[in-house]
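Sharing a structure with you now.
Rule-based calculations on the coordinates, nothing more; no lab input. None of these values were measured; they are calculated from a predicted model. Here the Cβ positions follow ideal geometry from the backbone for every residue, glycine too, while neighbour counts run over all protein chains shown.
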Amino acid sequence: MLLLKLGPLVGIPNLARSDVTVTNAFTGVEYKARTGRSEASFAEARKNDNVNRLNAELADISDLVIFCGARANAVSKLVVLRPGTKAACIPHLGMQGINQIAGDVGGAPILSVAESKAAGDKRSAKEIGRDNTSKRIEVLVQLALQQIK
């Protein structure tokens with residue numbers, strides 16, 4: 001949904017997943033049950049070998065790079081992009097990250113399903129949830145646009 005909404009606004013009308021290169025801020029895979037953590041530390045993400053890997057992976061990107069998540073945002077300050085490449089930093093795109101967005105693009109609070117139902121919303125929980133996710137994606141689109149325009 002993010003690509004569909006963002007693409008036309010940045011001059012890429014039919015931006016699709018197949019047009020996107022996805023990489024991680026760090027190559028290591030963490031398993032909370034095994035290592036006690038679910039992701040690399042900021043220090044690990046900022047290590048020279050990791051930054052060099054990202055530079056190599058992003059070397060051919062000439063349009064747009066969106067860094068998603070706190071570690072990617074931290075590493076973004078160290079990565080060297082091609083001249084003219086637009087870049088933006090936004091929160092992580094996982095549902096845990098998206099659900100932390102508390103207000104819509106106008107600043108109005110995004111009510112939970114329970115809060116919406118208590119306020120008299122007659123839509124199904126699924127419809128309310130979908131609408132809330134859409135509002136949060138709009139916030140991410142606006143956040144990205146503010147940085148690349």
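Starting from the Cα of K122, draw a straight line to each of the lysines and keep only those under 26 Å, dropping any in the same chain fewer than 8 residues away.
K135
Take the alpha carbon gyration tensor of segment 2-148, find the square roots of its eigenvalues, order them as a ≥ b ≥ c, and report rounded if a/c is under 1.5; if not, report prolate when a/b exceeds b/c, else oblate. If you can, show how the numbers build up before the last one.
Details: a/c = 2.55, a/b = 1.46, b/c = 1.74.
Oblate, because a/c is 1.5 or more while a/b does not exceed b/c.
Using r as the Cβ-Cβ distance of I12 and V80, and R0 as 22 Å, what FRET efficiency do you calculate, to the nearest 0.05? Could the numbers behind the result be given before it?
Values: r = 23 Å, r/R0 = 1.03.
Calculated transfer efficiency: 0.45.
In degrees from 0 to 90, rounded to the nearest 10, what is the angle of the helix 125-148 Cα long axis to the longest principal axis of the chain?
Approximately 40 degrees, to the nearest 10.
Let me check I've understood the local charge: for A102, count other residues with C-beta under 12 angstrom from its C-beta, Lys and Arg +1, Asp and Glu -1. What total comes out? Before the final figure, lay out each step's value.
Working: positive: K135, R136; negative: D104, E115.
Neighbour charge sum, excluding A102 itself: 0.
In what sequence do M1, M95 fall when counting other Cβ within 10 Å, fewest first? Let's see the in-between values first.
Working: M1 13, M95 10.
Ranking M1, M95 by Cβ neighbours within 10 Å, fewest first, gives M95, M1.
So, R0 is 25 Å and r is the distance between the beta-carbons of D63 and K135; what FRET efficiency does that work out to, to 0.05?
Details: r = 27 Å, r/R0 = 1.07.
For R0 = 25 Å, the calculated efficiency reads 0.40.
Hey, another quick one. Go through 82-91, 14-23 and give me the packing order, highest mean Cβ count within 10 Å leading.
Working: 82-91: 15.4, 14-23: 10.5.
For the peptides 82-91, 14-23, the packing ranking is 82-91, 14-23.
Specify whether the C-alpha gyration tensor of segment 37-94 places it in the rounded, prolate or oblate class, a ≥ b ≥ c being the square roots of the eigenvalues: rounded for a/c under 1.5, otherwise prolate if a/b is larger than b/c and oblate if not.
Oblate is the answer for segment 37-94, as a/c is 1.5 or above yet b/c matches or exceeds a/b.
Can you tally the net charge around Y31? Count Lys and Arg as +1, Asp and Glu as -1, for every other residue whose Cβ sits under 15 Å from the Cβ of Y31. All intermediate terms of the calculation are to be shown ahead of the outcome.
On the way: positive: K32, R34, R37; negative: E30, E39.
Residues close to Y31 contribute a combined charge of +1.
Net charge near E138: determine it from the other residues with C-beta under 15 Å of the C-beta of E138, scoring Lys and Arg +1 and Asp and Glu -1. If you can, show how the numbers build up before the last one.
Working: positive: K5, R130, K135, R136; negative: D104, D131.
Once all neighbours under 15 Å are counted, the net charge is +2.
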